[in-house]
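What follows is a set of notes on a single structure, which appears directly below.
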Amino acid sequence: MTKSKRATASLPEAPGARFRLPRSESSVLTADDGELLMGHTERLLCAPTAPYAEDAALAVVESFAAARPTLVRRRDPHGNLLLTWPGNGRTSKAPQLAFSAHLDHPGFHYRGMRDGRRRASFHGGVPLEYMVGGDVRFFDPKTHAACATARVRRAEKRPDGTAMCELSRFRGRARRGMFGAWDLTPGRISGRRFRGRVCDDLLPAAASLALLDLLAERRHPRPVTAIFTRAEETGFVGCVGLLRSGLLGRALGDVHVIGLECSPRRTTAKVGLGPVIRVGDGRTVFDPAICAHLQTAAATLAKKRGGFPVQRALMDGGSCESTAYNLWGVPAGGLCLALGNYHNTGPQQTIAEEFVDWFDFEGLLALMLEAASAWPGPRQPPLRAALNERWQKEYKLLAASARRTAQT
Ligand SMILES: [Zn+2]
């Protein structure tokens, strides 16, 4: 056994995983589509990730694309990936639809020794008091293999704003450039609840992969793109890079985006009550026409299925890339899952798995598929047509009373 293999073999065992569909009648997908979603979820969530270290997650998306030559694959200079289901190739004046999810999650970069202590910087929004005592597993970004484990002994904010952690119980081999993730299960289903070290945002990214498969299966006539961005957790850095690169306009022309997220649950958006049509985030409100399109899609699903659990809320517990898209002139709306233990902040200031409701997640995919199938929808918004119809019924009363009010 080589020295490095011995070091890795001596690491504490990683937490186990359980990727299996819950047994329940509440599913909004067929059993086959549920399995498809679970398969993509397992492959993506087993990939460790951190801001600027999305290599393993990108590799999963790249191998997905390589196995599906019909998809058009584009990569910008910053490593963001676009996969487009091309449709039937006919050109249309209508704007194209894209879904966007990010491949990173708050995590560590190993920084070596200082004053006899090993250190790692932390990237992403997690309060320092939660980090102390948290277990970390470090990975090699090239091989994606685990190479060390440690525990956070101390955490402090540096004057330049970075969070720096002092590590204890270090085991394994320190390598240049290795990155760390909380040492939690990649995914575990229990009842209808799904827990994992990263729900935000690998679950929605897995839904995007499933969506591309379902569009291909249906030979969907219009193009639909899935965007996979990097480094969202440090200020939409990957997404802003993509917008600044101009690739979206060059490749897709006029494009509208539905940002996909896991967002902290609210009193108005609870875990288990369906996917959330996100009308805005902590900073901005989203494109009204896209919000309306999503509401129409949810209503269509409810009609088809005799009910479809869905929520509609301002998810202001965080902000998301839809804000960046809108600021750069790309109209964007949002869909999300109500998330528990946001950014791994568990009870009593401990680090814990994020969690969602599996059937909310299936509902998210069903809603994405319906929104894509119905895109771009009627030229006149259905709500305006409904208000016009109401006007036709009521205007005589309005006109008669208008005459009277004019006389007084
Ligand atoms: Zn996110």
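General remarks:
- Dipole of the chain computed with +1 at Lys/Arg Cβ and -1 at Asp/Glu Cβ about the Cα centre; of V224, A269, L252, farthest Cα towards the positive end is L252.
- Diffusion coefficient, µm² s⁻¹, Stokes-Einstein with Kirkwood Rh over alpha-carbon pairs of the range 60-209 at 10 °C and 1.306 mPa s: 88 µm²/s
- Virtual spin-label span in nm between R111 and A289, 7 Å along Cα→Cβ: 4.7 nm
- Residues M131, M164, ranked from the fewest to the most other C-beta atoms within 10 Å, line up as M164, M131.
- Under the Debye formula (equal points on every Cα, no solvent term), log10 I(q)/I(0) of the range 43-88 at q = 0.15, 0.16 Å⁻¹: -0.42, -0.47
- Annotation for the range 188-220: trypsin sites (Lys or Arg not before Pro) lying in DSSP loop with at most 15 further Cβ atoms inside 10 Å of their Cβ are R218, R219.
- Sparse-neighbour loop sites [trypsin sites (Lys or Arg not before Pro); the range 60-164; at most 13 other C-beta within 10 Å; DSSP]: R90, K93, K142
- Of the GluC sites (Glu not before Pro) found in the range 1-97, the ones in coil according to DSSP and having at most 13 other Cβ atoms within 10 Å of their Cβ are E13, E25.
- Protection proxy ranking, peptides 345-351, 365-371, average beta carbon neighbours within 10 Å, highest first: 365-371, 345-351
- Degrees, to the nearest 10: 358-374 long Cα axis against longest axis of the chain: 50 degrees
Values quoted throughout were computed directly from the atomic coordinates according to the rules given, and no laboratory measurement underlies them. Note that this is a predicted model, so its numbers are computed, not measured. Reconstructed Cβ throughout: ideal geometry from the backbone, glycine too, with neighbour counts over all protein chains shown.
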